[in-house]
Amino acid sequence: PSGPLVAYACALAFAAHFSGPYFTPYMLRERGFSYHAFMLVMATQFLAKAIALPWLGHLGSRLGSVRLLRIGGLTGIPLTLRWLVSANVWYLMGVQVLAGGAWAAYELGLALLFFDAVPHEERTAVITAYNLGLAIATVAGAASGGLLLRALGENHVAFYAVFVVSSLLRLATIPLLRRVHALA
């Protein structure tokens, strides 16, 4: 019964890591950000995530962990496309606020499902399978994104392609997300 949850989480990890490692070189090299501007944009996501978590905890207790997971997963689909719209630091900080909230909702929903909904006798096996799948998805996603980036010439257009494909891969996880239900 935990299979759909693990499959969805691993598929989303693959899709996110297809582009995630390439955000830094894109912003620093292609967009010409200073290190300080880049760190400001990056810190915004972490701060937004930290601020959102208590509120999302209350929301999750009302809506349930599956709905919280869905909110985070669906909100995260177009995030990489938003990186392409503008190089304005304030705009990107706004995108990172949205990203921090989306990832916080997703991660909290996932954690709640693992620890509250997966039966105790399955929990170790499910989390072990998830961790193995996550590691494989992370490496495979980053390698696949890197191969596409290299094949397209590691230029502005190549980065755009990687970010678009990542969003399409995130979109392709929706059927898996629809199969995730409360397991308890």
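The values are calculated or read from the model by the stated rules, or taken from the named source; none is laboratory data. All of these numbers come straight from a predicted model, not from anything done at the bench. Please note: Cβ atoms are built from the backbone with ideal geometry, for glycine as well, and neighbour counts cover all protein chains shown. Quick note on the areas: whole protein, heavy atoms, side chains included, nothing else; ligands and nucleic acids left out. Shrake-Rupley method; radii C 1.70, N 1.55, O 1.52, S 1.80 Å.
Please report how far the C-alpha centroid of the range 1-33 lies from that of the range 68-110, rounded to the nearest whole angstrom.
Measuring centre to centre over Cα atoms gives 12 Å.
Can you send over the carbon and sulfur percentage of the accessible area for the range 31-184, probe radius 1.4 Å, protein chains only?
70 percent
So which residue, out of 44, 124, 80, gets the largest mean-square fluctuation from a GNM of the chain using Cα contacts under 10 Å as springs?
124
Say the dipole of the range 63-166 comes from +1 at the beta carbon of Lys and Arg and -1 at that of Asp and Glu; which of 98, 152, 72 then lies farthest toward its positive end?
Checking the options against the dipole of the range 63-166, the answer is 152.
Given a 10 angstrom Cα cut-off, can you work out which residue in 52, 151, 11 is the most mobile in a GNM of the chain?
Judging by the Gaussian network model, the answer is 151.
Taking the Cα centroid of the range 48-65 and of the range 135-159, what is the distance between the two, rounded to the nearest whole Å?
Taking the Cα centre of the range 135-159 as reference, the centre of the range 48-65 is 33 Å away.
For the chain, give the magnitude of the charge dipole about the Cα centre (Cβ charges: +1 Lys/Arg, -1 Asp/Glu; no others), in debye to the nearest 20.
320 debye
If you count only protein heavy atoms with a 1.4 Å probe, what accessible area per residue comes out for the range 60-129, rounded to a whole Å²?
47 Å²
Taking the chain as a Gaussian network, where each spring joins two C-alpha atoms under 10 Å apart, which residue of 139, 157, 126 fluctuates the most?
Residue with maximal mean-square fluctuation among 139, 157, 126: 157.
With runs of 4+ DSSP H residues as the only contributors, calculate the mean residue ellipticity of the chain at 222 nm using -39,500 (n - 2.57) per run, divided by the residue total and rounded to the nearest 500.
That calculation yields -25000 deg cm²/dmol at 222 nm.
Taking only complete DSSP H runs, can you tell me which helices of the chain stretch 27 Å or more along their own long axis by Cα positions and average at least -1.0 on the Kyte-Doolittle scale?
Span-like helices, by this rule, are 35-63, 89-112, 120-151.
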